[in-house]
Amino acid sequence: MDSFETLVSLLLELDGYWVQPSFKVELTREDKVAIGKPSCPRWELDIVAYKGGTNEILVVECKSYLDSRGVVFEDLSDGGKSADRYKLFVDERIRRVVLNRLREQLTAVGSCSPSPSIKLCLAAGRVATDAGRQQIHQFFETQEWLFMDEEWLRSKIQKVADGRYQNHVAAIVAKLLLPRTPRRNRPITAQPSVTQQ
């Protein structure tokens, strides 16, 4: 698994999600025809995360882009220069077919309760411009998606630094590099134990 995906998975686990990286969605022949890709293999999602208490599934696409310009807002629209990197966000037909099949697949094997809600998410290590970041947040709010940008990542990593010891590379690095929040300023939350996948 990609290192950035590993980090995002840990942060979601600490928020109470069961996490499955590199999840393969078993599209039917009819599904493949419906999305105009009759010979495509199983559709792979970077991360699928499930929270039983809310019966919520997060589908997370991860783009670290740490040594590049970052996510560009225009690419999240049809016709964007790199729109092909964001198919689930850009193509409503693909999104509908893949997410519906995911819901059916997980429900059929008992991995979630019936009729789970599904939220599409984009985790990004870098965004090209501050204006673009605002545009992405606004656009995602209208779509009821979640944008996990650097601010989101940093706040979750700070929680890791403030929490109990976890035998995970990301948690150890967080504790080494980040100052702990004074105890009086920390929210009171339970920290589940996380095992490395």
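The values are calculated or read from the model by the stated rules, or taken from the named source; none is laboratory data. As the structure is a prediction and not an experimental result, all values here were calculated from the model. Here the Cβ is made from the backbone with ideal geometry for all residues, glycine too, and neighbour counts use every protein chain on show. Just so you know, the surface numbers come from the protein's heavy atoms only, side chains and all, with ligands and any DNA or RNA stripped out. Shrake-Rupley method; radii C 1.70, N 1.55, O 1.52, S 1.80 Å.
Could you name the lysines whose alpha carbon sits less than 27 Å from that of residue 37, not counting residues in the same chain fewer than 8 places away? Counting by Cα, and skipping residues close in sequence, residue 37 has these lysines nearby: 24, 63, 81, 87, 119. In a fully extended conformation the segment linking residue 85 and residue 56 would gain 8.0 nm over its present Cα-Cα distance, using 0.36 nm per residue. Calculate the FRET efficiency for residue 78 and residue 113 from the Cβ-Cβ distance with a Förster distance of 30 Å, rounded to the nearest 0.05. Rounded to the nearest 0.05, the efficiency is 0.30.
Relative contact order, whole percent, for the chain stands at 20, derived from Cα pairs under 8 Å and 6 or more residues apart.
Coordinate range of the alpha-carbon atoms in segment 47-143 per principal axis, descending: 41, 26, 24 Å.
Between segment 1-60 and segment 61-130, the alpha-carbon centres lie 9 Å apart.
Ranked by the mean number of other Cβ atoms within 10 Å of their residues, highest first, the peptides 131-144, 152-165, 28-41 fall in the order 152-165, 131-144, 28-41.
Straight-distance candidates among the aspartates and glutamates for linking to residue 51, with alpha-carbon spacing under 13 Å and chain neighbours fewer than 8 residues away dropped: 13, 15.
Quick check: net charge around residue 101, other residues with Cβ under 14 Å of its Cβ, Lys/Arg +1 and Asp/Glu -1? Write out the running numbers ahead of the final one.
Numbers: positive: 24, 29, 32, 37, 42, 93, 95, 96, 103; negative: 26, 30, 31, 44, 104.
Neighbourhood net charge equals +4.
On full extension, the segment bounded by residue 37 and residue 96 gains 19.8 nm, given 0.36 nm per residue less the C-alpha separation. Per atom type, the chain shows carbon and sulfur on 50% of its accessible surface, probed at 1.4 Å.
Averaged per residue, what accessible surface does segment 76-137 expose to a 1.4 Å probe, in Å²? Write out the running numbers ahead of the final one.
Details: 3140 Å² over 62 residues.
I get 51 Å² per residue for this part.
For the pair residue 29 and residue 68 in one chain, pulling the backbone fully straight at 0.36 nm per residue adds 10.3 nm over the alpha carbon distance. Rg/Rh for the chain (Cα atoms only, Rh after Kirkwood) is 0.98.
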